[in-house]
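J.: Below you will find the structure I want to go over with you.
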2 protein chains.
Amino acid sequence: MKRFFSVVMLVMLAGVIFGQDSSLKVVEDFEPASTNQPGREYPMVNTQGCVRAQIMAPDAQYVQLDIGGVKYDMVKDENGLWTGESAPQDVGFHYYQLNIDGASVPDPGSMLFFGACRYGSGIEVPAPDQDIFAVNDVPHGHVHEIYFPSESTNTSRRAFVYTPPGYQKEKLKRYPVLYLQHGYCENETSWPLQGRANFIMDNLIAEGKAKSLIIVMTYGMTNEISFGGLRNFDIKPFQTVLVDELIPYVDANFRTLANQENRAMAGLSMGGFETRLITLNRPDVFSYYGLFSGGVYKPEDIKEHNNLKLVFISCGSKERPDGVKNAVADLKKEGYNAVSYISEGTAHEFHTWRRSLNQLAQLLFK
Amino acid sequence: MKRFFSVVMLVMLAGVIFGQDSSLKVVEDFEPASTNQPGREYPMVNTQGCVRAQIMAPDAQYVQLDIGGVKYDMVKDENGLWTGESAPQDVGFHYYQLNIDGASVPDPGSMLFFGACRYGSGIEVPAPDQDIFAVNDVPHGHVHEIYFPSESTNTSRRAFVYTPPGYQKEKLKRYPVLYLQHGYCENETSWPLQGRANFIMDNLIAEGKAKSLIIVMTYGMTNEISFGGLRNFDIKPFQTVLVDELIPYVDANFRTLANQENRAMAGLSMGGFETRLITLNRPDVFSYYGLFSGGVYKPEDIKEHNNLKLVFISCGSKERPDGVKNAVADLKKEGYNAVSYISEGTAHEFHTWRRSLNQLAQLLFK
């Protein structure tokens with residue numbers, strides 16, 4: 001029993017340290033999250049951005065909602081149903097999980113998303129601008145799941161390819177292409193699922209704000225599941241897959257404008273890091289560069305990039321916006337077409353990157 | 001503490017009733033399942049088809065592996081790591097979950113699949129014929145995620161469309177189409193994910209065993225999440241979506257051979273039930289009918305179906321194979337081109353239906 005009581009005391013202590021701010025009056029206007037599994041009522045979100053989870057676990061000693069790096073104690077009712085809520089979260093998409101007597105597990109109420117190196121739960125906290133990625137009554141492009149041959153890795157590799165509305169019907173039209181990379185411990189599903197890249201494009205195209213384009217999203221952690229940190233990251237294996245294998249496959253299998261002026265690369269976080277390295281190694285391949293929360297270019301980095309049309313650098317206001325703004329100011333001073341974007345009220349999370357794509361896409365191939 | 005001991009006793013009792021057959025000597029040749037999340041060692045499967053799960057849950061009182069309708073007790077080591085295995089399972093794909101102190105949750109080691117009305121864990125038990133759906137070094141078709149407008153339901157509805165290898169390049173060629181439905185409490189992801197419909201087709205086409213065709217897979221439970229049983233099922237809402245909305249959309253947006261002779265419909269379980277009802281209501285739309293573990297046609301049902309080319313009826317050997325064989329014998333007696341297929345050693349599960357698709361596809365549009 002000693003262990004049992006130690007656990008109870010630990011849980012109580014955790015409640016004091018990590019529990020919700022008791023000064024916050026939680027507003028009872030919770031609604032099911034848009035990221036829930038079909039027909040599920042929980043998890044819920046309220047207008048303050050608090051997340052409320054619920055799970056039946058009649059014999060559990062403790063259950064916690066683990067979100068944003070904080071574990072919030074949930075409370076059990078007489079039927080064994082545990083309920084609890086988090087402090088307010090930023091608007092947008094967050095990964096989370098439940099902790100049941102020490103087991104970290106997905107919430108069976110939530111849809112699953114790949115992030116933090118695993119398919120796990122995610123929740124959407126409504127944002128004022130969430131219509132940018134809504135499934136509106138507009139023409140929808142297609143997301144193609146493709147497998148392309150990769151000699152360098154001796155595998156069939158998966159990618160998702162967004163083709164814009166009209167692509168299937170207009171049998172001769174050719175389109176420019178954006179290669180769009182996910183972050184560390186995410187994968188090729190992250191942009192089409194939590195990133196909602198296809199819906200962002202459908203909406204922009206319907207409003208006439210962006211040119212019709214193709215987006216290609218593939219797995220960027222070619223150094224496989226070492227997940228050992230980025231310090232010793234070698235870009236070459238992924239550069240080979242992207243530039244020497246995927247781009248030729250896409251150009252052969254989709255109606256692309258297969259030249260530098262009609263090719264862009266962008267990425268979030270580690271995907272920005274990759275974008276920067278690949279565009280510096282191969283200044284002949286892309287004409288538009290986008291780094292979302294993923295480093296900056298200095299003017300001297302790109303001084304010999306003759307066909308460069310745009311450098312786009314962004315991050316959330318809760319990251320280091322000054323670094324982004326200063327880098328873009330330096331680039332402009334040297335005459336580059338550079339644009340910065342700061343996502344208000346968001347951190348190193350997907351809503352920052354959806355907004356960044358929404359901004360970048362309006363500038364591409366114009 | 002009374003409750004605690006009741007639980008312990010219940011668990012011990014459950015172990016006696018539901019635990020693994022103690023007469024079975026478990027062979028220690030477990031390997032990570034092909035359905036695991038990237039880089040995860042557990043769950044594992046051995047050559048007997050036993051599934052071994054593992055999860056860290058240091059403070060749990062009991063953890064169970066819940067598969068095939070049986071809950072198998074897992075055992076905790078000194079570090080709080082729980083491990084346990086099931087009795088041998090049939091070859092092929094099975095839904096499962098973990099039970100942690102009464103909470104039914106997905107196994108964080110497994111990929112997630114929609115079945116049993118939820119995205120949850122699934123595991124592949126290797127089958128001797130698993131190469132039929134392997135990702136082989138052959139040309140791969142694309143799976144398009146599309147959203148088509150549906151006036152009758154006032155929604156943008158999702159479908160997955162398989163286009164065969166070469167579809168993107170051969171810009172004038174037109175293809176026949178198979179409309180392929182999932183089962184009860186599954187959805188439009190079930191055929192492309194656990195059904196592996198695209199890989200089955202890629203392999204058959206590469207071997208010259210099937211004609212290149214398009215497969216369309218959409219959500220067939222238009223009566224939304226009532227999940228109230230099939231007795232009062234009204235086919236009309238789904239029939240309207242499929243025949244009056246999806247087929248015209250597919251014919252307008254893909255290079256189809258848009259006529260009855262080049263259109264097939266098949267489905268598994270409830271999807272077979274739907275196939276039967278829709279083909280009976282609309283004998284003018286399809287020329288090839290497939291029921292996988294989903295009922296039969298009697299000769300009198302289809303006596304006025306003038307353009308019918310094939311009736312394919314299948315099930316697992318652990319279902320009711322005689323019903324399938326007798327129905328097909330009756331159809332043949334009346335002169336119909338009817339084919340039965342029995343999947344050896346499988347029950348009402350996805351391996352039966354993958355094999356059924358593999359068989360049916362070789363007969364279509366020939």
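The values are calculated or read from the model by the stated rules, or taken from the named source; none is laboratory data. Since the model is a prediction, treat every value here as computed from it, not as a measurement. FYI the Cβ positions are ideal-geometry reconstructions off the backbone, even for glycines, and counts take in every protein chain you see. Keep in mind that these areas ignore ligands, DNA and RNA; they rest on the heavy atoms of the full protein, side chains included. Shrake-Rupley method; radii C 1.70, N 1.55, O 1.52, S 1.80 Å.
J.: Quick one: accessible area per residue over the protein assembly as shown, 1.4 Å probe, rounded to a whole number of Å²?
T.: Details: 29520 Å² over 732 residues.
Heavy-atom SASA per residue in the protein assembly as shown reads 40 Å².
J.: Taking the Cα atoms of region B:239-288, what is the range of coordinates along each of the three principal axes, in descending order and whole Å?
T.: 29, 20, 18
J.: Report, in debye and to the nearest 20, how large the dipole of region B:42-194 comes out about its Cα centre when Lys and Arg carry +1 and Asp and Glu carry -1 on their Cβ. Intermediate results must be reported in sequence, preceding the final value.
T.: On the way: 10 positive and 18 negative charges, 165 e Å.
Dipole size: approximately 800 debye.
J.: Still on this structure: Going by a ≥ b ≥ c, the root eigenvalues of the Cα gyration tensor, does region A:241-356 fall in the rounded group (a/c under 1.5), the prolate group (a/b larger than b/c) or the oblate group?
T.: Values: a/c = 2.26, a/b = 1.41, b/c = 1.60.
Verdict is oblate for region A:241-356.
J.: Could you name every residue in region A:188-203 that has 20 Å² or more less accessible surface in the full protein assembly than in its own chain alone (probe 1.4 Å, ligands and nucleic acids excluded)?
T.: Checking the loss per residue gives A:199.
J.: I'd like the accessible area for residue A:111: 1.4 Å probe, protein heavy atoms, all chains in place, Å² to the nearest 10.
T.: Roughly 50 Å² of residue A:111 is accessible to a 1.4 Å probe.
J.: Turning to a different aspect of this structure: Near the amide H of residue B:157, under 5 Å away, which other amide H atoms are found, from residues 5 or more places off or on another chain, if H is placed in the peptide plane?
T.: Here B:148, B:150 satisfy the definition.
J.: Whole-Hz Karplus ³J(HN,Hα) for region A:69-77, in order, using 6.51 cos²θ - 1.76 cosθ + 1.60 and θ = phi - 60°, x for Gly and Pro?
T.: Listing the rounded values in order: x, 10, 9, 9, 5, 9, 10, 9, 9 Hz.
J.: For the protein assembly as shown, which cysteines have no second Cys with its Cβ under 4.7 Å from theirs?
T.: Flagged as lacking a Cys partner: A:50, A:315, B:50, B:315.
J.: 222 nm [θ] for the protein assembly as shown, helices only, -39500 (n - 2.57) per DSSP H run of 4+, per residue, to 500?
T.: Details: 14 runs with 150 residues, N = 732.
Theoretical 222 nm ellipticity from helices: -6000 deg cm²/dmol.
J.: Okay, next question. What lysines does residue A:76 reach when the alpha-carbon gap must be under 22 Å and sequence neighbours fewer than 8 apart in one chain are set aside?
T.: Partners within reach: A:25, B:2.
J.: What helices does chain B have that are whole DSSP H segments, at least 20 Å long along their own axis by Cα, and with mean Kyte-Doolittle hydropathy of 0.0 or more?
T.: On the way: long enough: B:2-18 (23 Å, 1.96).
Those that clear 20 Å and a mean of 0.0 are B:2-18.
J.: Per residue and in Å³, how big is the convex hull formed by the alpha-carbon atoms of region B:102-229?
T.: On the way: hull volume 20.9 nm³, N = 128.
Cα-based convex hull of region B:102-229, divided per residue, equals 163 Å³.
J.: Can you give the accessible area buried between chains A and B, summed over both chains, with a 1.4 Å probe, in Å² to the nearest 100?
T.: Values: alone 16890 and 16900 Å², together 29520 Å².
When A and B are taken together, about 4300 Å² of accessible area is lost.
J.: Now for a different question. Does the protein assembly as shown classify as rounded, prolate or oblate by the C-alpha gyration tensor (a ≥ b ≥ c root eigenvalues; a/c under 1.5 gives rounded; else a/b over b/c gives prolate, otherwise oblate)? Write out the running numbers ahead of the final one.
T.: Numbers: a/c = 1.73, a/b = 1.07, b/c = 1.61.
Taking the square roots of the gyration eigenvalues as a ≥ b ≥ c, the protein assembly as shown is oblate.
J.: Using a Gaussian network model of chain A whose springs link C-alpha atoms within less than 10 Å, name the residue from A:268, A:280, A:112 with the highest mean-square fluctuation.
T.: A:280
J.: Straight-line reach from residue A:366: which lysines fall under 19 Å, measuring Cα to Cα and dropping same-chain residues less than 8 apart?
T.: Straight-line reach from residue A:366, under 19 Å: A:173, A:209, A:211, A:309, A:332.
J.: Where the accessible area of the protein assembly as shown is counted over protein heavy atoms with a 1.4 Å probe, how much of it, in %, is carbon and sulfur?
T.: On the way: 15210 of 29520 Å².
Using a 1.4 Å probe with all protein chains present, the protein assembly as shown comes out at 52 percent carbon and sulfur.
J.: Could you please put B:276, A:263 in sequence from largest to smallest accessible area, using a 1.4 Å probe? Don't skip to the end; give the middle numbers.
T.: Details: B:276 65, A:263 25 Å².
So the residues, ranked largest to smallest area, are B:276, A:263.
J.: Report the Cα centroid-to-centroid distance between region A:132-167 and region A:235-251 in angstrom, as an integer.
T.: If we compute the Cα centre of each part, the gap is 16 Å.
J.: Also: For the residue pair residue A:318 and residue B:170, what label-to-label distance in nm results when each label sits 7 Å from Cα along the Cα-to-beta-carbon direction?
T.: 5.3
J.: Quick check: from the Cα gyration tensor, does region A:306-361 come out rounded (a/c under 1.5), prolate or oblate?
T.: Working: a/c = 3.43, a/b = 1.60, b/c = 2.15.
Oblate is the answer for region A:306-361, as a/c is 1.5 or above yet b/c matches or exceeds a/b.
J.: Along Cα→Cβ at 7 Å, what distances in nm separate the residue A:32 label point from those on the other copies, shortest first?
T.: Sorted ascending, the copy-to-copy spacings read 3.5 nm.
J.: Another question, if that's okay. Rank-order B:36-48, B:288-300, A:48-60 by packing density, defined as the average count of other C-beta atoms within 10 Å over each peptide's residues, highest first. The partial results should precede the final answer.
T.: Numbers: B:36-48: 18.6, B:288-300: 23.1, A:48-60: 21.4.
For the peptides B:36-48, B:288-300, A:48-60, the packing ranking is B:288-300, A:48-60, B:36-48.
J.: When chain B is modelled as a GNM with alpha-carbon springs shorter than 10 Å, which of B:100, B:214, B:200 fluctuates the most?
T.: Looking only at B:100, B:214, B:200, the largest GNM fluctuation is found for B:100.
J.: For chain A, report the convex hull volume of the alpha-carbon atoms normalised per residue, in Å³, without decimals.
T.: Taking the convex hull of the Cα positions in chain A, it is 162 Å³ per residue.
J.: Next question. Would you kindly work out, in nm and rounded to one decimal, the distances from the label point of residue A:79 to those of the same position in each other copy, ordered shortest first, with label points 7 Å along Cα-to-Cβ?
T.: Inter-copy label distances (nm, one decimal, shortest first): 3.9.
J.: What is the dipole size for chain A, taken about its Cα centre, with +1 at each Lys and Arg Cβ and -1 at each Asp and Glu Cβ, in debye to the nearest 20?
T.: Details: 34 positive and 42 negative charges, 207 e Å.
Once rounded to the nearest 20, the dipole reads 1000 debye.
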